[in-house]
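Single-structure report; data block below.
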Amino acid sequence: MLTAILVMAGLAIALGAVLGFAALRYKVEGDPMVEKIDAVLPQTQCGQCGFPGCKPYATAIAKGDADINLCPPGGDEGVKKLAELLGVEVKPLNAEPKPKSVAFIDENTCIGCTLCIQACPVDAILGAAKQMHTIIASECTGCELCIPPCPVDCISMVPIREDLTNWKWRYPVFRIKPA
Amino acid sequence: MRELHRFPGGVHPSEHKAESSSRPIHEAFIPRKLVVPVRQHIGQPAKPVVELGDRVLKGQMIAEADGYVSTAIHAPSSGIISEIGLAKVPHPSGLPDLCISIETDGKDEWIAHEGVDWRIMEAAALRGYVRDMGLAGLGGAVFPSSIKLDPAGGPAIHTLILNGGECEPWITCDDRLMQERAEEILEGARIMQHLLGAQTLLAGIEDNKQEAIAAMRTAAEKLGLDIDITSMPTLYPGGGGKQITKTLTGLDTPSGGRTTDVGVQVFNVGTAYALARAILHGEPLISRIVTVTGHVLRPQNFEVLIGTQMSELVMHAGDREAMTGIIMGGPMMGFDVPNLDAPVVKSTNCVLAKSEETFPPRPREMPCIRCTQCVSVCPAVLQPQELYWFARARNFGKAQEYHLFDCIECGCCSYVCPSHIPLVDYYRFAKSEIWAREKEKRSSDIARERHEFHLFRIEREKKEKAARLAAKAQTKKTEAPTLAPEEQDAKKKLIAEALARAQAKKASITPKNTDGLPEEKKTEIAEIEARRAKIREVAKQPVEPEKH
């Protein structure tokens, strides 16, 4: 009887020690779910979801505080990917998806106030006080966060035009010709 | 006799080669206007180096290679640069691209040019020269030749294959080139072999081109070149790089790899010819042989200046009524050119005029019946029907698992499909979607990194500012108590003294403009000053209220 208790107690202590060691040794920094969700989000950092960036939105989704259909830049495709990742039903996007655009500064109107530079979440605007500002188009995510702070309304969004570098083969469809 | 191997799959479409193969190559004509796109090869588009209104000579570089994977573009004839801007190009999308247009003057005046001695030139310099001569693979992929000729950074190349397969129906440009210019092709092959350091030199030509085989063998004998010119059985797509490698050497290219992974480099005969012209004569790639066939009066091969409009070329071959369109390339791998005015580019091996009879519209797509005929003809040993389902359902991850990117888009599957499913269109759709996604993923990763750095920078700036303010406050605090009370008193005394001095000075000030005046004037001024002083005294006394 006593041996049995001792054996069981010994086993419990030994296994507990192993588990405790494993918990410390293989500790995962941060929430892996947040990272996974963040990887799916388009990283425009636009805040259209109501959160101040993609990572906070990912955190909110992981906690269950936010719906998966709040990201207009991700589009329906993004909602689908999130639904797949989280194992939930696909929902229609709660906003109209917009064509992918980049910001453009009208240099004739720009007064060099630097307000847009401070607003840009990815530091894609180049300029200094009382100097001309310009968008680094290749880094612009099209979040539109630079538009409201501009005091002279010199920033506009220019949709990215289709050219040979970003053209895609269309989904094959059979064209029906009128007889 | 070399032992031949059989690559998997393949089909026998009707050849239609006799139409154009019997006539000799028609020499180049000079159109009024040449429209030369800067993006004719895989990689970075060339960078224009001429300006509007410049006069250029034939063979003059008009756009230089931009980056490693790029090649130069040259003026195909002499004339004036009339436009640098977006113009129609042969592309399935029909979208315009940057082109340099030349208004030709008809003189066809060459720029000074001469060949180089490749035997003594250093390999790297020779490859740079090849790049500046605008060479790119003329078999259809237009990969810059200078890179393919660089053996560094990969397995050693033991075999160089000269590809004269030309398996695609209707096309005969390589056939005629081999018949008429075999010696120069072999000269080019010799230089390629020299650059690659390949021990074995092979040439594969399909057995439906007996004259070409004979011409090449005669030329090899004449040049004394050690080359094995092999007649291969005619089977589409036997002219594919991986397929010809298998046929001639028996080597299988690994999935996701290139023939260079097994030590074999493949060059089209047209590229070898262009290389010989460039190195031995200093002539850049400004023209190529184009088969003009199909629904035209005189199907023939033409030497065509790059930039010649396709509609003009068709006119030269005798345009016929009821032409329904143009295919660039062959019926298996080519594509419908949306604008007939698009120019001939380096990759244009064939301009195929369509009509209702020769190319009836594709019948309606029917459901897949899973007959797996496509599996038995696929030369890449894929499962085309599975790939089709995955591409159709936009299940791209699964499509990649089934080796979608090993598909060479040869069109065998679509050719045999009893349900007339445009299978290759589905694969192209899936491939470009996957590429677009990868690109998007890359840019979103960069955006994430930049955003994280932005947040870090803001935080850092905040901290730095706080630290600065704290340091300032600290210095103030430490400086203040150093002044002892007696010192402060001394300071106050100093200030009081200074004030008193200033007041005294102010009081003692006399107008300076009175110097050097006569005595009577001075006494007058003194009187006036005395009166003023009196008035001031009066003014200082308190005013008594007036009594009534």
* Asked: Given the alpha-carbon gyration tensor of segment B:1-96, what are the semi-axes of its equivalent ellipsoid in whole angstrom, ordered largest first, with each equal to the square root of 5 times an eigenvalue?
  -> 35, 20, 16
* **Residue mean of other protein chain beta carbons inside 10 Å, A:42-50** => 3
* A:A17-B:E537 pseudo-label distance in nm [points 7 Å out on the Cα-to-Cβ vector] -> 11.2 nm
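What do you get when you divide the Cα radius of gyration of segment A:70-115 by 2.2 N^0.38 Å, with N the number of residues? The partial results should precede the final answer.
On the way: Rg = 17.1 Å, N = 46, 2.2 N^0.38 = 9.4 Å.
The reported ratio for this selection is 1.81.
Please report the relative contact order for chain A, taking Cα pairs under 8 Å with a sequence separation of at least 6, and give it as a percent rounded to a whole number.
That works out to 17 percent.
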* Structure fact -> Counting only protein heavy atoms and rolling a 1.4 Å probe, one gets per residue an accessible area for segment A:32-86 in Å² of 44 Å²
* To do: Kindly flag which residue pairs out of A:K80/B:K398; A:K100/B:K439; B:K472/B:K492 have an alpha-carbon separation exceeding 18 Å in this structure.
  => B:K472/B:K492
* Using a 4.7 Å Cβ cut-off, which Cys residues in chain B lack a partner cysteine? -> B:C99, B:C167, B:C173, B:C350, B:C368, B:C371, B:C378, B:C407, B:C410, B:C412, B:C417
* Structure fact -> Filtered hits (aspartates and glutamates, Cα-Cα < 15 Å from A:K36, offset >= 8 within chain) -> A:E84, B:D445
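Per-residue Cβ counts within 10 Å, from other chains only, averaged over B:439-449: what number is that?
Going residue by residue through B:439-449 and averaging, the value is 5.
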* To do: Compute the whole-percent fraction of alpha carbon pairs in segment B:287-360 spaced more than 19 Å apart.
  => 21 percent
* Asked: Taking the Cβ-Cβ separation of B:H113 and B:R32 as r and a Förster radius of 22 Å, what is the calculated FRET efficiency to the nearest 0.05?
  -> 0.35
* With a length cut of 24 Å (Cα positions projected on each helix's long axis) and a Kyte-Doolittle mean of at least 0.0, go through chain A and give me the DSSP H helices that pass. => A:2-25
* Measure off 7 Å from each Cα along the Cα-to-Cβ vector at B:S443 and B:V381, then give the distance between these two points in nanometres to one decimal. => 3.9 nm
* Asked: Counting only other chains, what is the mean number of Cβ atoms within 10 angstrom of the Cβ of each residue in peptide A:160-170?
  -> 6
* Asked: Roughly how many Å² is the accessible area per residue of segment B:75-171, as a whole number, for a 1.4 Å probe?
  -> 39 Å²
* Relative to the present Cα-Cα distance, how much length would full extension add between B:I525 and B:H420 at 0.36 nm per residue of separation? -> 25.6 nm
* **segment B:235-272: trypsin sites (Lys or Arg not before Pro) in DSSP loop, at most 12 other beta carbons within 10 Å** => none
* Asked: Under a straight-distance cross-link criterion of Cα-Cα below 22 Å, which lysines are reachable from B:K493, leaving out those fewer than 8 residues away in the same chain?
  -> B:K505, B:K506
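If you wrap a convex hull around the alpha carbons of the protein assembly as shown, what volume per residue comes out, as a whole number of Å³? Write out the running numbers ahead of the final one.
On the way: hull volume 359.6 nm³, N = 727.
Residue-normalised Cα hull volume stands at 495 Å³.
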* To do: Would you mind giving the average projected area, over all directions, of the Cα convex hull of chain B in nm² with one decimal?
  => 57.9 nm²
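How many Å² of accessible surface get buried when A and B come together, counting both sides, probe radius 1.4 Å, rounded to the nearest 100?
Details: alone 12950 and 29280 Å², together 39410 Å².
That pair of chains buries around 2800 Å² in total.
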* **Cα-only Debye scattering, segment B:196-314: base-10 log of I(q)/I(0) at q = 0.11, 0.21, 0.22 Å⁻¹** => -0.51, -1.32, -1.34
* Asked: Can you pull out the trypsin sites (Lys or Arg not before Pro) in segment A:110-179 that DSSP calls coil and that have at most 10 other Cβ atoms within 10 Å?
  -> A:K130, A:R161, A:R175
* Distance in nm between pseudo-label sites at B:R394 and A:A95 (7 Å out along the Cβ direction from Cα) -> 2.0 nm
* **All-pairs alpha carbon distance profile, segment A:99-160, 5 Å steps from 0, percent** => 4, 22, 35, 26, 11, 2, 0
* Asked: Using the alpha-carbon atoms, what tilt in degrees (0 to 90, nearest 10) does helix B:269-281 show relative to the longest principal axis of chain B?
  -> 60 degrees
* **Carbon + sulfur, % of accessible area of chain A - ligands and nucleic acids excluded, 1.4 Å** => 62 percent
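List the equivalent ellipsoid semi-axes of segment A:1-57 in whole Å, largest first, each obtained as the square root of 5λ for an eigenvalue λ of the Cα gyration tensor. Intermediate values should be presented prior to the final figure.
Working: eigenvalues 460, 19, 10 Å².
Calculated on Cα positions only, the semi-axes equal 48, 10, 7 Å.
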* Structure fact -> Once the mean of 1/r over all distinct C-alpha pairs in segment A:32-86 is inverted, the Kirkwood radius in Å reads 10.6 Å
* P(r) of chain A in 10 Å steps, Cα pairs, percent per bin? -> 8, 24, 22, 18, 11, 7, 5, 3, 1, 0
* Asked: Relative to the longest principal axis of chain B, what angle (0 to 90°, nearest 10) does the C-alpha long axis of helix B:519-540 take?
  -> 90 degrees
* Does anyone have the angle between helix B:123-132 and the longest principal axis of chain B? Alpha-carbon axes, 0 to 90°, nearest 10? -> 80 degrees
* Given a cut-off of 27 Å, name the pairs among A:K81/B:K463; B:K346/B:K441; B:K462/B:K491; A:K63/B:K441 whose C-alpha atoms lie farther apart than that in the structure shown. => A:K81/B:K463; B:K346/B:K441; B:K462/B:K491
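Evaluate E = 1/(1 + (r/R0)^6) for B:T475 and A:A129, where r is the Cβ-Cβ distance and R0 equals 22 Å; express this FRET efficiency to the nearest 0.05.
After rounding, the FRET efficiency stands at 0.20.
Among DSSP bridges having both ends in the protein assembly as shown, what percentage is antiparallel? Round to the nearest 5. Display every interim value, and only then the final one.
Details: 44 of 66 bridges.
Expressed as a percentage, antiparallel bridges in the protein assembly as shown total about 65.
The values are calculated or read from the model by the stated rules, or taken from the named source; none is laboratory data. Everything numeric here is computed off the predicted structure, so don't read it as measured data. Ideal geometry is used to build each Cβ from the backbone, glycine not excepted, and the neighbour counts take in all protein chains shown. Side chains included, ligands, DNA and RNA excluded: accessible areas come from the protein's heavy atoms. Shrake-Rupley method; radii C 1.70, N 1.55, O 1.52, S 1.80 Å.
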